[in-house]
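Reading through the structure tokens given below for one structure.
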Amino acid sequence: MRLKDQLEQAKAGFLSIAPEEARDSILLHIGELQRSGIAFGLREGEEAPDFVLSDPLGEEVTLYRELAKGPVVLTFYRGGWCPFCSLQLRAYQQILPEIRKLGGQLIAVTPQRPDHTLSQLEKEALAFRVLSDPHGHVADRYGLLYELPEYLRLTFANTLKRDLAAVNDTDRWVLPVPGTFIVDSGGIVRRARVDPDFMQRMEPEEILDGLKELRGD
């Protein structure tokens, strides 16, 4: 089943069981983000900012050092608590051998704190690097970060029982708009998929097509 179909199934399930207040608040905010244009991310042809972030074991990863080895598929996601993110990461894990055969590597970035990320890696059996960006500084440089409005914070805290500030170990209620970028070895974004609707993600086939294009296949 395509990732898109899995996401549509998850969306239908969410809309059918979520409390009305949560459903309305989340859909309202998606619309606000789409209209605002504040988090539409880097565009194809732009330079990807370098960064240094740590994995759950404390090892530092520098983007441009990794790019020296070949192109990087860089994906920003909300956290292991988000079922749409879990579907995406599992789908990308399935194509990881093909990504590597094409000379690329996959790096995921999340605001959640390292211990939560480590738990997710073990649960999902993910074999690629997942880095913590708890204050959202890197997501902000990629044009993805937004702060949750008060009404959505209350929905998360009171209705969904999700304290994002605690999950991310910060005093700010921030999240990245999910975004996936294929960055070539020169640091240029060759493909980008950023959507304020967190229930939409880049298809695995598009990732492989982008890497093949870079290789000249």
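Helix 204-215 and the longest principal axis of the Cα set of the chain meet at an angle near 30°. Number of Lys-Lys pairs in the stretch 3-215 with C-alpha atoms under 29 Å apart and a separation of 8 or more places or on different chains: 12. The loop-placed GluC sites (Glu not before Pro) in the stretch 172-217, going by DSSP, include none that has at most 16 neighbouring Cβ atoms within 10 Å of its Cβ.
How large is the translational diffusion coefficient of the stretch 128-217 in µm² per second when you combine the Kirkwood radius over alpha carbon pairs with Stokes-Einstein at 37 °C and 0.692 mPa s?
217
For the options Leu57, Leu126, Leu175, a Gaussian network treatment of the chain with springs between C-alpha atoms closer than 10 Å singles out Leu57 as fluctuating the most. Exposure proxy shown here: for Met199, Met1, the number of other Cβ atoms within 10 Å sets the order, fewest to most, as Met1, Met199. Annotation: amide H-H contacts under 5 Å for Val130 (H modelled 1.01 Å from N, sequence separation of 5 or more, or interchain): Ala108. Our coupling estimate for the stretch 55-60, obtained by passing each phi through the Karplus curve with A = 6.51, B = -1.76, C = 1.60 and θ = phi - 60°, is 8, x, 8, x, 7, 7 Hz, Gly and Pro reported as x. Expressed as a whole percent, the proportion of Cα-Cα pairs in the stretch 42-153 lying more than 26 Å apart is 16%.
Residues in the stretch 164-172 carry Karplus couplings, in order, of 5, 4, 6, 4, 9, 6, 8, 8, 10 Hz; the curve used is 6.51 cos²θ - 1.76 cosθ + 1.60 with θ = phi - 60°, and Gly or Pro positions show x. Among Asp209, Asp55, a tally of other beta-carbon atoms within 10 Å of each Cβ gives an order, fewest to most, of Asp209, Asp55. Each residue of the stretch 85-99 was assigned a 3J(HN,Hα) from its phi angle through the Karplus curve 6.51 cos²θ - 1.76 cosθ + 1.60 (θ = phi - 60°); the sequence is 5, 5, 4, 4, 5, 5, 5, 6, 4, 5, 9, 4, x, 6, 4 Hz, with glycine and proline shown as x. In loop segments of the stretch 21-56 as defined by DSSP, the trypsin sites (Lys or Arg not before Pro) with at most 12 further C-beta atoms inside 10 Å of their C-beta are Arg43. The order of Ser185, Ser132, Ser36, going from fewest to most other C-beta atoms within 10 Å of their C-beta, is Ser36, Ser185, Ser132. Put simply, the chain fits an ellipsoid with semi-axes of 27, 19, 17 Å; these come from the alpha carbon gyration tensor as the roots of five times its eigenvalues, largest first. Database remark: amide H of Tyr146 closer than 5 angstrom to the amide H of Leu175, Val177 (H placed geometrically; neighbours at sequence offset of 5 or more, or on other chains; Pro and chain starts carry no H).
Laboratory data are not the source of any read-out in this text; all were calculated from the coordinates shown. Owing to the predicted nature of the structure, the values given are computational and were not obtained by experimental measurement. As a convention, Cβ positions derive from the backbone with ideal geometry for all residues, glycine included, and neighbour counts pool all protein chains shown.
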